[in-house]
Amino acid sequence: MLRRLLPLLVLIPALIGIVIAAVWSGALGRPEGPGKISGPAVPREITERRAAVEYHAATAVGVESSKQILFGDLHVHTTYSLDAFRSSLPLFQGDGTHPPADACDFARYCSALDFWSINDHAETLTPQHWRETKDTIRQCNAVAGNPDYPDVVAFLGWEWTQTGPTPATHFGHRNVIFRDTAEDRVPTRPIAALGGAWTTLHDTSADSMLILMPLADLPNTRRYLDLARALKDVRATPQCPDGVDVRTLPADCTEAVATPHELFERLDQWGFDSIVIPHGTAWGLHAPPGFIWDNQLSGGNHDPRRETLLEIYSGHGNSEEYRDWRAIHLDDEGKPECPKPSRDFTPECWRTGEIIRERCKEEGVDDEECNRRAAEARRLFLQQVVQPYLVVPGQRAEDWLDAGQCTDCFLPAYDLRPGGSAQYALSITNFDDPKEPKRLRFGFIASSDNHSARPGTGYKEFARTSMTDAYGAADEFIAERMAGGTKTVEARAKPLEKLAIGGDDTERSTSFLYTGGLVAVHSEGRDRNSIWRALKRSEVYGTSGPRILLWFDLLNAYGSSRDDAEKPMGTATKMLRPPHFRVRAVGSLQQLPGCPELTLSALGPERIDRLCKGSCYHPAEERYPIARIEVVRIRPQMTRDEPIGARIEDPWRVFHCSDDRAGCVVEFFDPEFTAAARDSVYYVRAVQPPTPAINGDNLRCSYDEQGRCEQVRPCYSDHRGNPNDNCFASVEERAWSSPIFVDYGSE
């Protein structure tokens, strides 16, 4: 009998091995497809009606301009991005594939945008997916009707996703967007970033998860096989050779560069009109502790022709505000040190030691030994480049309290890096060439950075796990795998032996995910070229989601006529006299439940439920008032040793508005400009009264009598959380104008 069974006993493991190898290799999976655009163009009478509503609101605050404010989203991912694919899986409580065609339908009908761009990660865009992306964008524009008056304009682009382990090697993420879409007017292939995501994608050490996932969710095996196929296709695409002009490279290779300077060189070789938009510059999930903007101003890593805009807010948080505290300090030799906590900030490295100290004391160990263990924990934290929180065995999100977070910022990015903030960027000067000091001069935008093909998700605060990027493990088994497979709580820190893929840091960070922002342009028309010209001249602003109307003008620039003297947001000019400014702002329209009849008839109830989650941009006639106008003044460095914090005045002026829902108008001078005799930067925030917002209170701290956070209630998205809990708290939604740069001197 045993002799008869022996071949079978040998065959079964062999068959299992073949199946595992097939799963691992991606041979059983299907490629992700582009989807199909559903509906026709929005009728012209609808877009004209929207324009008329805006025109009446503008005239009510004295605006006399032929330009129209249009709203868009210039940061949108589909499941062609592998991180979006992963979060769409059932094991992470995702709701399935979200192809490029979905983004077109969502922009047209769910969020009712005027323009949007697709920005999947170049590192995961195969040649086939890039071709399909271009085709889908062209189809979206073809549906839009008359190109002189389209219902929505779709721009083509990608995200260049660079991360570095140290401040010196980190340059950050950038969206690359092109004016045109014709095959002979766009690159043959996207340009990826080496390091960071690139290295992770090509590291097979974590591929065991590809086997575990289908075994843990047999009913949905197909999606996990498709993920393995997507990863296989990315890895199978050869890297393009270096030192070759981009136009002579093979079509089916992956082009990748290590620095922004190299990215700009490749774009120069193509010669097509493009805009490069840095984003997420203050995100602690990507930017290393100690990151500052300074290295962007050397080595050709900033191109003032293309990098004219900065995304200061998205669904991943606010990168606007500067603070003097730091997550780490660097000594004279560049080695990291852990700073002590201050009244308004607790470094995570410090909290690491306190967690270990508290556990140590609970075990009855003496103070001297507990202090030694705390110091060792901080040292290990500083040594661990990736996911340093995991040096604490069995750590939980609640252990960290509010360590690492900006506790007084508006909807902040998780683990905010102040040196990566927009305010810091506008404050610094590079003096390598004393005759021509260099500065960063950005217009400000906001967008969603949505990873489920949903441009413009901030139109309503609802459906937290669909309208934000929140995701989490569907059960405890997957949660343990994400956290490195350890639940043991120990009173000693340990170096991290292997890289996990998320864990409680992912869950903690979901408390800092929002519905996302919008970019607004002052455009001469609805057509592609008019929108593009507005973007290029930085006559733009960002909002935290609501469609606030905002105008910010310099009234007394040099000029022979009123038209010459008035300069809009985004302008750079020279003056000797005190600048005189005017701000006009009108609150956003309140929203009705559900979707308008247009969307219902175009998409149908099933598509609306799947894509729009049952609710669309559906404006009522009543608007929110503007509560106040805040003015920020920044005086950039004139010498190397000038401290940054002293140069940023936020707010410099505050003007409280009446409850008039028609809007708010204020004017102001800077009487100190002439006496100070130095360049100055001004921008404004138009702030609405408090309304409920998803994750408005982030970690939801409880405070002791000294105002210290003593307990948190994270907004969980994994199996512990309530998917129907939107974690609402009141916030003051806002719009940020692009700055006006006023240099001291004769024009």
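The values are calculated or read from the model by the stated rules, or taken from the named source; none is laboratory data. Note that this is a predicted model, so its numbers are computed, not measured. Positions of Cβ are backbone-derived with ideal geometry, glycine not excepted, and every protein chain shown enters the neighbour counts.
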Checklist outcome for this item: The residue from Gly353, Gly364, Gly317 that alone is of a type outside the set (A, V, I, L, M), in contact (Cβ under 8 Å) with a residue 24 or more places away in the chain and either in contact with a Gly (Cβ under 6 Å, 6 or more places away or on another chain) or on the phi > 0 side of the Ramachandran plot (or both) is Gly317
Checklist entry - Would it be correct to say that Pro671 is outside the structural domain of Asp294 (by TED's automatic domain parsing), out of contact with any Leu (no Cβ under 6 Å at 6 or more places or on another chain), surrounded by fewer than 21 Cβ atoms within 10 Å (Cβ to Cβ) and not in a strand (DSSP E or B)? => result yes
Item to check | Meets criteria (of a type in the set (S, T, N, Q), out of contact with any strand residue (DSSP E or B) (no Cβ under 7 Å at 6 or more places or on another chain), surrounded by 18 or more Cβ atoms within 10 Å (Cβ to Cβ) and more than 24 Å from Gly196 (Cβ to Cβ)) for Thr352 | outcome: no
Checklist entry - Are any residues in the range 678-714 among the hydrophobic types (A, V, I, L, M, F, W, C), touching a Phe, Trp or Tyr at 6+ places or on another chain (Cβ under 9 Å) and over 30 Å from Arg635 (Cα atoms), and if so, which ones? => result Ala693, Ile694, Leu699, Cys709, Val712
Checklist entry - Phe431 fails exactly one of the following numbered conditions: (1) surrounded by 24 or more Cβ atoms within 10 Å (Cβ to Cβ); (2) out of contact with any Gly (no Cβ under 9 Å at 6 or more places or on another chain). What is the number of that condition? => result (1)
Checklist entry - Does the range 326-348 include one or more residues that are modelled with pLDDT under 95, within 19 Å of Ala425 (Cβ to Cβ) and either surrounded by fewer than 23 Cβ atoms within 10 Å (Cβ to Cβ) or of a type in the set (S, T, N, Q) (or both)? => result yes
Item to check | Condition met for Glu307 (in the same structural domain as Arg441 (by TED's automatic domain parsing) and crowded, with 21+ Cβ neighbours inside 10 Å) | outcome: no
Item to check | Options Gly164, Gly145: the member that is part of a loop (DSSP other than H, G, I, E, B), at positive phi and either assigned by TED's automatic domain parsing to the domain that holds Ser447 or not basic (Lys, Arg) (or both) | outcome: Gly145
Checklist entry - Only one of (1) part of a loop (DSSP other than H, G, I, E, B); (2) surrounded by fewer than 21 Cβ atoms within 10 Å (Cβ to Cβ) is not met by Gly404, so which one is it? => result (2)
Checklist entry - Looking only at the range 687-708, which residues are surrounded by fewer than 21 Cβ atoms within 10 Å (Cβ to Cβ) and assigned to a strand (DSSP E or B)? => result Thr691, Pro692, Ser702, Tyr703
Item to check | Members of the range 94-109 found to be within 20 Å of Pro619 (Cα to Cα) and either within 19 Å of the chain's Cα centre (by Cα) or of a type in the set (A, V, I, L, M, F, W, C) (or both), listed by number | outcome: Phe106, Ala107
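Residue by residue, here is whether (1) farther than 25 Å from Asp217 by Cβ; (2) at pLDDT below 95; (3) touching a Gly at 6+ places or on another chain (Cβ under 6 Å) holds:
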residue	(1), (2), (3)
Gly62	yes, no, no
Asp83	no, yes, no
Gly94	no, yes, no
Pro99	no, no, yes
Cys110	yes, no, no
Asp148	yes, no, no
Trp158	yes, no, no
Thr161	yes, no, no
Checklist outcome for this item: Scanning the range 50-75 residue by residue, those among the charged types (D, E, K, R) and over 29 Å from the mean Cα position of the chain (by Cα) turn out to be Glu64
Checklist entry - If you go through the range 580-629, how many residues are charged (D, E, K, R), within 30 Å of Lys36 (Cα to Cα) and crowded, with 20+ Cβ neighbours inside 10 Å? => result 0
